[in-house]
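Report on the structure given below.
The values are calculated or read from the model by the stated rules, or taken from the named source; none is laboratory data. The model shown is predicted, which means the values in this text are computed figures rather than measured ones. Positions of Cβ are backbone-derived with ideal geometry, glycine not excepted, and every protein chain shown enters the neighbour counts. Side chains included, ligands, DNA and RNA excluded: accessible areas come from the protein's heavy atoms. Shrake-Rupley method; radii C 1.70, N 1.55, O 1.52, S 1.80 Å.
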Amino acid sequence: MGIPLDSPEEVFTLPPIDAIPDGPEDKPTPGPLLEDKVGPFGLPELISGAAAWSHFYNDDIKLATDVPLRTTRLALRYGIRAFDTAPYYDSSEIVLGTALKALELEFPRASYQLITKVGRYGPELTDFDYSAGAIRRSVQRSLQRLHTEYLDVVYVHDVEFITPCVAARTEGDHTGALGAEAAAYGVAEGDDEGTIRGPGDERLLEAVEALRALQAEGLVRHVGICGLPLPALLRIALLVRRRTGRPLDAVQTYTHLTLQNGTLLPFAAALRARAGVQQVLAASPLAMGLLAPPPAPPEWHPAPPALRAAAREVVGAVGEREIAQVAVAWSVRAARVEGIPVVVGMSALGEVHAAVAAWRRARDEGAAAELEEKAGRARAVFERTGTAGWVWAAGGEWA
């Protein structure tokens, strides 16, 4: 996956906007809209995950239809005014940008925020490029693809693949990094926070400084990092603050604010208090399909057999029809307390309606007890099976 820098670009065309269906299913259902903003960036509580507009999740036939535009339009109408994409998600930026350009009369650029990434352009380690020149070319390409003069947030993508692995373990529960195992994870308080542990750290610092140069030019508004292992994100955020004298603006992880794994919450506190990070974001409340009805999870899912078995038991305990909504609603409710936006993939009208229904359930105090009871069933299974808070190994040296 991914499209290397300087490669020929795909083109997606759409019929005139007035020729695209706009029926009842294209309109929000009655109820609250996402009008409240969270955090210093003023993001909505739900962010549309545009990885859906890639071959990870959809084929060329679907991507070439009016479905991306109609899905994007419905999200915007509900108040989901932020989108998360990346060059690694092959055609995602192009498809999203084409849809947003067609919708500019109804939703001008100032009405939504764009989040993208730099540094990763394919599945292999050789597809990473954190050099200053590549970062600049990547941002310029994203600006063109997304038909915009600026990007609201840009992350250095999947930093654990490039930076050294400093860890007590590469899989399992990493919350010990916030306590007795801090030194083993390279996050003990003190001068060690500024230690460069290999050429990967130097490459990461170069990428951050390249993004900050673009920030100074007004092309990027906020600079951050994203990846999977929370101790790695904390170590790097501390390193950036110590080495550059400035904290990162944002850090995003995935599958760490779910019914199975809620460890982002204590790490978010450390990222803010110790590393000075302004905004923490959480993606994939369904844990990449682990908390979804059959036939999920997909075959490529990295969860080991014990975790897969526990997830199947959870689906049975909560109910196939309920599990996805309960999972998203619980994540949103937990995130709201900490001012953390949640990124949810949406690649069909029905998925937008479902995400908003889950968000409404999360904010309905009258439904809180029922939601917590069903979420409690799920968490009890993960606790009993020893899989609560457990995360699989990531890439690079974390593999």
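Loop only per DSSP, at most 16 neighbouring Cβ atoms within 10 Å: give me the GluC sites (Glu not before Pro) in the range 193-282, ordered by residue number.
Glu217
Give me the net charge for the shell around Gly179: Cβ to Cβ below 12 angstrom, other residues only, Lys and Arg +1, Asp and Glu -1.
Working: positive: none; negative: Asp173, Glu181, Glu189.
Cβ neighbours under 12 Å give a net charge of -3.
For the range 135-238, report the accessible area per residue in Å² (1.4 Å probe, heavy atoms, rounded to an integer).
Numbers: 3550 Å² over 104 residues.
I get 34 Å² per residue for this part.
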* Prolate/oblate/rounded label for the range 83-163 (Cα gyration tensor, a/c 1.5) -> prolate
* **Rel. contact order, % - alpha carbon contacts under 8 angstrom, at least six apart, the range 1-134** => 32 percent
* To do: Find the relative contact order for the chain and round it to a whole percent, using C-alpha pairs within less than 8 Å whose residues are 6+ positions apart.
  => 18 percent
* Asked: Using mean Cβ contacts within 10 Å as the protection proxy, how do 375-384, 148-157 order, highest first?
  -> 148-157, 375-384
* To do: Give the ranking of Ser7, Ser91 by solvent-accessible surface, highest area first, calculated with a 1.4 Å probe.
  => Ser7, Ser91
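Under unit Cβ charges (Lys, Arg +1; Asp, Glu -1), what dipole magnitude, rounded to 20 debye, does the chain have relative to its Cα centre? Please report the intermediate quantities before stating the final value.
Values: 39 positive and 51 negative charges, 133 e Å.
The dipole magnitude comes to about 640 debye.
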* Structure fact -> As straight-line cross-link partners of Lys37, the qualifying aspartates and glutamates (C-alpha separation under 20 Å, not fewer than 8 residues apart within one chain) are Glu45, Asp84, Asp152, Asp249, Glu338, Asp364, Glu365
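Pull out a ≥ b ≥ c, the square roots of the eigenvalues of the alpha-carbon gyration tensor of the chain, then state rounded if a/c is under 1.5, prolate if not and a/b is larger than b/c, and oblate in the remaining case.
Numbers: a/c = 1.59, a/b = 1.08, b/c = 1.48.
Since a/c reaches 1.5 but b/c is at least a/b, the shape of the chain is classed as oblate.
How much net charge surrounds Leu238 when only other residues with a Cβ under 10 Å from its Cβ are counted (Lys, Arg +1; Asp, Glu -1)?
Numbers: positive: Arg235, Arg241, Arg242, Arg243, Arg274; negative: Glu189, Asp192, Glu193.
Residues near Leu238 contribute +2 overall.
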* Asked: Based on the alpha-carbon gyration tensor of the range 1-58 and its eigenvalue square roots a ≥ b ≥ c, which shape applies: rounded if a/c is under 1.5, prolate if not and a/b is larger than b/c, or oblate?
  -> oblate
* Asked: What order, most packed first, do the peptides 224-231, 16-23, 361-368 have when packing is the mean number of other Cβ atoms within 10 Å of each residue?
  -> 224-231, 361-368, 16-23
* Go through Ala168, Val139, Leu74 and say which Cα lies farthest out towards the positive end of the charge dipole of the chain; charges sit on Cβ, +1 for Lys and Arg, -1 for Asp and Glu. => Ala168
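Only Lys, Arg, Asp and Glu count, each charged at its Cβ (+1, +1, -1, -1), so figure out the dipole size of the range 232-353 about its Cα centre, rounded to 20 debye. Could you put the intermediate results ahead of the total?
Values: 12 positive and 7 negative charges, 160 e Å.
Around 760 debye, computed over the range 232-353.
Please go through the range 288-343 and write out the trypsin sites (Lys or Arg not before Pro) that DSSP classes as loop and that have at most 13 other C-beta atoms within 10 Å. Don't jump to the answer; show the numbers that get you there.
Details: sites: Arg308, Arg312, Arg321, Arg333, Arg336; in loops: Arg321.
In loop regions of the range 288-343 (DSSP not H, G, I, E or B), the sparsely surrounded trypsin sites (Lys or Arg not before Pro) are Arg321.
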* Of the residues Trp330, Trp359, Trp300, which exhibits the maximal mean-square fluctuation in a Gaussian network model of the chain defined by a 10 Å Cα contact cut-off? -> Trp300
* To do: Take each of the peptides 108-115, 82-89, 291-298, average the number of other beta-carbon atoms within 10 Å over its residues, and list them starting from the highest.
  => 82-89, 108-115, 291-298
* **Within-14-Å neighbourhood charge of Ala378 [Cβ basis; K, R +1; D, E -1]** => -1
